Amino acid sequence: PFFQGAHYSGDVTAPDALLGQPVGSRMARPDEIVRAFETWAKQSDRLQFETHGHTYEGRPLVHAIVTSPSNMARLPEIQAVNARLNDPRGLEEGEAQRLMDSIPAVAWMGYSIHGDETSGADASLALAYHLVASTDSAVEGLLEDLVIVIDPVMNPDGRARIIAMVEQNAGFRVNLDYASQARGSWPYGRGNHYLFDMNRDWLAGVAPETRARWNVLRQWTPQLFVDAHEMSGLDTFLMYPQNAPFHPSLPSRLAHWQGIFADAHGKAFDALGWGYYTREWADAWYPGYSDAWGSLNGAIGMLYEQGSNRGQPLMRESGEIVAYREAVHGQVLASWSNLLTFQANRAEIRRDAYNHRQAQLKVEEGARNAYVLVPERVGRRTSQLVQTLLAQGIEVHRLTRAASGSNCLSDMGEIEDSHEFPAGAYVIPAGQPQGALVRAALEFDPRIDDETLLDERARLERGEGSRLYDVTAWDLVRQFDVQGWTCRWEGEFGEAVTHAMLANQDAQRGVIGARTEAGPYAYALRGDDDRSLAFAARALEAGLSVHVADGAFVARMAGEAAVGFPRGSLLLRRHENPASSPIPGKMAGGGTLDFDAWVERVAQITGSTVIPLAGGRAGSPETADLGGGHFSLLARPRIALLTGSPIGQQDFGHAWQYLDEVLGVPVSLINARDLGRTDLRRYNVLVVPSGGVNGILRDQKEDLQAW
């Protein structure tokens, strides 16, 4: 049993009965996990079950809140007090301590963000059942002291994919070989539907799973943040503490607490004679991992890496055979150990979380204390970045008039004693409760300490390989292609920005400007607006004629107002396009819209800004008229995207998501190994992600040249 000697209430159905076989005998499907938690929520007053979002494939993203019935009755109060402690501004020390003593501490238990690291999600079933059904007084006491939020299956799409692969490749005979395809194949189940690695997405928040999870975490802001993973099945069990380098924005006592948790964790494993280790390869540098994001919010981030066998037994190099249930048991024991350690130290850990938030309010005298984002002409990318920051609880302000900062450094390395920023620029103060996350996300060039670099250099020279696990450089400002600065800011930061303000700003899309009764001569879209591409894709797919400008031009709107457009702007002339076109999103025979109504509808669907033009004459003698050769006719893209081994999974997924979701372009997925047998005459664009250039393209060189 996972919990030796435990006694359970007969009123709560055991997970073995819900699954039809013991937990850990196979991988539970995402829907089975959801159904188990739904059942327990009906049977027990210790568990509340909620859906916080949905995946691309429509599966629910869920979490369970587990605590005592008395705590359950005051969850809104607990959340409100927790929120007040997260913002220490104006809070007297005595009142802060009273609030800390008045509510239970909060733990977040997250499982299997990588869908093919499966044992964590199965462990969540055993852990939740023990918490909900146990009649032991120790469990009852734990639930009085803690609110435990369980995210049982963080990546249901990836989990469903790997389970299907394993089941389809299973034979009658058990195969203990770790390398067998029976454990999965390209693209495996690590990523979500578009194969995004969501354990690298915590700062950018591209995936809907990440954004939905932010919302729940902001409601609870836990003081313990557990992130359960798997690694090679030939390995044993990695647990924190981490090794160098350490990001300077992490809580000052994080390493101290990770050591205490690891000591208790190790004793629990020692009692069963299990192998484990710490610090060998998990550094604390990149802030975009799950546990790092949790730590930057003030929690004790704890990661596990259990040796993986994906639902089947396997043989390690030593000859030891490890059953899947043993992998699940490792995750259960680690989780239980961490909860007990958290309970025993909850008062001090909560105090440290409060102190971490409080410390962020102070900025060194004379140091740069603000990050400034200068909106581009259209402002959409800046708006997206600001929305991303707001969604993580970061405070953002907007200048209502021009203002200057001193000692300014740009994201491109420019240094200015003073720099003036226009009205509309966004200012993010470093001195705020989320200051650690602000610095981690927006610092342009964080530097690893010299001691770590010297050690790294020595290791590389000895041929030992790097100790750095993964990402070593990032810049959220450049990632969104926004102009950013960091400055010393003495004046007001401007008005506080809200999601509603940005939504109102984004609502000012569609066809803008005056139109004559006869309709405009043409419609134009700016080339520096990303959404113009999505509009063009829909228009070309519908058979409309779209031109692209080879240089900047000026045109006139109705009422003779002149408006400038950059190179790459798009033009749809009325006389070249049909009087009516199929309603967007409707199948053939689903009705039509006239030209103007179609443009308006697609502008709203894509969030584009479309400007009606009064005539074909240039609005300036220095630029071209609208009917000449400076506007090239675009061809409808017929895109083939290479997929399958040896194509890089994430690069493929990123390209696929951009073309499919962002631009809305139909994409044909072509297996890379079948390229030589594919009639490429149907396509005019071939997208080759990483992994396909040296092998696939070289082997098909003659066919591609002919194409």
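Residue-level check: of (1) more than 30 Å from Arg183 (Cα to Cα); (2) in a loop (DSSP other than H, G, I, E, B), Phe342 misses just (2). All conditions in (1) in contact with a Pro (Cβ under 8 Å, 6 or more places away or on another chain); (2) free of Cβ contacts under 8 Å to residues at least 60 places away in the same chain hold for Glu167, with the sole exception of (1). Might you check whether a residue that is touching a helix residue (DSSP H, G or I) at 6+ places or on another chain (Cβ under 9 Å), of a type outside the set (A, V, I, L, M) and assigned to a helix (DSSP H, G or I) occurs anywhere in the stretch 366-381? There is at least one residue in the stretch 366-381 that is touching a helix residue (DSSP H, G or I) at 6+ places or on another chain (Cβ under 9 Å), of a type outside the set (A, V, I, L, M) and assigned to a helix (DSSP H, G or I). Condition first: surrounded by 15 or more Cβ atoms within 10 Å (Cβ to Cβ), out of contact with any strand residue (DSSP E or B) (no Cβ under 9 Å at 6 or more places or on another chain) and among the charged types (D, E, K, R). Can you find one or more residues in the stretch 546-556 that meet it? Looking for residues that are surrounded by 15 or more Cβ atoms within 10 Å (Cβ to Cβ), out of contact with any strand residue (DSSP E or B) (no Cβ under 9 Å at 6 or more places or on another chain) and among the charged types (D, E, K, R), one finds none in the stretch 546-556, hence no.
Here Asn71 fits the description: buried (at least 18 other Cβ atoms within 10 Å of the Cβ), at pLDDT 95 or above and more than 28 Å from the chain's Cα centre (by Cα).
Being modelled with pLDDT of 90 or more, under 22 Å from Asp291 (Cα atoms) and part of a loop (DSSP other than H, G, I, E, B): is that true of Arg447 here? Yes, satisfied. Look at Pro584 and say whether it is surrounded by 15 or more Cβ atoms within 10 Å (Cβ to Cβ), assigned to a loop (DSSP other than H, G, I, E, B) and either outside the structural domain of Leu659 (by TED's automatic domain parsing) or out of contact with any strand residue (DSSP E or B) (no Cβ under 6 Å at 6 or more places or on another chain) (or both). In short, yes. Within the stretch 459-469, the only residue that satisfies the criterion of being loosely packed, with under 15 Cβ neighbours inside 10 Å, part of a loop (DSSP other than H, G, I, E, B) and either of a type in the set (A, V, I, L, M) or touching an Asp or Glu at 6+ places or on another chain (Cβ under 9 Å) (or both) is Ser466. In the condition set (1) under 28 Å from Ala436 (Cβ atoms); (2) touching a residue at least 60 places away in the same chain (Cβ under 8 Å), Ser232 is compliant with all but (1). Condition check: aliphatic (A, V, I, L, M), part of a loop (DSSP other than H, G, I, E, B) and over 30 Å from Leu234 (Cα atoms). Does Val363 satisfy that? Yes, satisfied. Can you say whether Val23 is more than 23 Å from the chain's Cα centre (by Cα), under 19 Å from Arg325 (Cβ atoms) and among the β-branched types (Val, Ile, Thr), as far as the supplied structure shows? Answer is yes for this residue.
Residues satisfying the criterion are present in the stretch 473-488 (criterion: without any contact (Cβ under 8 Å) to a residue 40 or more places away in the chain, on the phi < 0 side of the Ramachandran plot and surrounded by fewer than 17 Cβ atoms within 10 Å (Cβ to Cβ)). The residue that is farthest from Leu453 (Cα to Cα), counting only those in the stretch 273-287 that are surrounded by fewer than 20 Cβ atoms within 10 Å (Cβ to Cβ) and hydrophobic (A, V, I, L, M, F, W, C), is Trp274. Selection of the stretch 594-608 for residues being within 33 Å of the chain's Cα centre (by Cα) and not in a helix (DSSP H, G or I) yields Gly607, Ser608. How many of the residues in the stretch 413-432 are surrounded by 11 or more Cβ atoms within 10 Å (Cβ to Cβ) and closer than 27 Å to Leu296 by Cβ? Number satisfying all stated conditions: 9. The residue that is nearest to the chain's Cα centre (by Cα), among those in the stretch 672-694 that are without any contact (Cβ under 8 Å) to a residue 40 or more places away in the chain and within 11 Å of Leu641 (Cα to Cα), is Ala672. Determine the pairs where a residue that is assigned by TED's automatic domain parsing to the domain that holds Ile162 and at pLDDT 95 or above, located within the stretch 21-32, has a partner that is of a type in the set (S, T, N, Q) and in a loop (DSSP other than H, G, I, E, B) with Cβ atoms under 6 Å apart, the partner being 6 or more residues away or on another chain. Here the result reads Met27/Thr118, each pair linking the stretch 21-32 to a residue that is of a type in the set (S, T, N, Q) and in a loop (DSSP other than H, G, I, E, B). Just so you know, in the stretch 646-671 the residues that are hydrophobic (A, V, I, L, M, F, W, C) and surrounded by fewer than 17 Cβ atoms within 10 Å (Cβ to Cβ) include one that is nearest to the chain's Cα centre (by Cα), and it is Val662.
Exactly one residue out of Leu224, Leu254 is hydrophobic (A, V, I, L, M, F, W, C), assigned by TED's automatic domain parsing to the domain that holds Ala105 and either buried (at least 23 other Cβ atoms within 10 Å of the Cβ) or over 24 Å from Asp151 (Cβ atoms) (or both): that is Leu224. Only residues that are over 38 Å from the mean Cα position of the chain (by Cα) and of a type in the set (S, T, N, Q) were counted in the stretch 609-621, giving 1. Of the residues making up the stretch 197-214, those that are under 8 Å from the mean Cα position of the chain (by Cα) and hydrophobic (A, V, I, L, M, F, W, C) are Met198, Trp202, Leu203, Ala204, Val206, Ala207. Would you confirm whether or not the stretch 176-186 contains a residue that is assigned by TED's automatic domain parsing to the domain that holds Glu32, farther than 19 Å from Leu314 by Cα and modelled with pLDDT under 95? Yes, the stretch 176-186 has at least one match. If you go through the stretch 672-685 and pick out every residue that is at pLDDT below 95 and surrounded by 14 or more Cβ atoms within 10 Å (Cβ to Cβ), you end up with 5.
The values are calculated or read from the model by the stated rules, or taken from the named source; none is laboratory data. Bear in mind that the values here come from a model prediction, so they are computed numbers and not experimental data. Note that each Cβ is placed from the backbone with ideal geometry, even for glycine, and that neighbours are counted across all protein chains shown.
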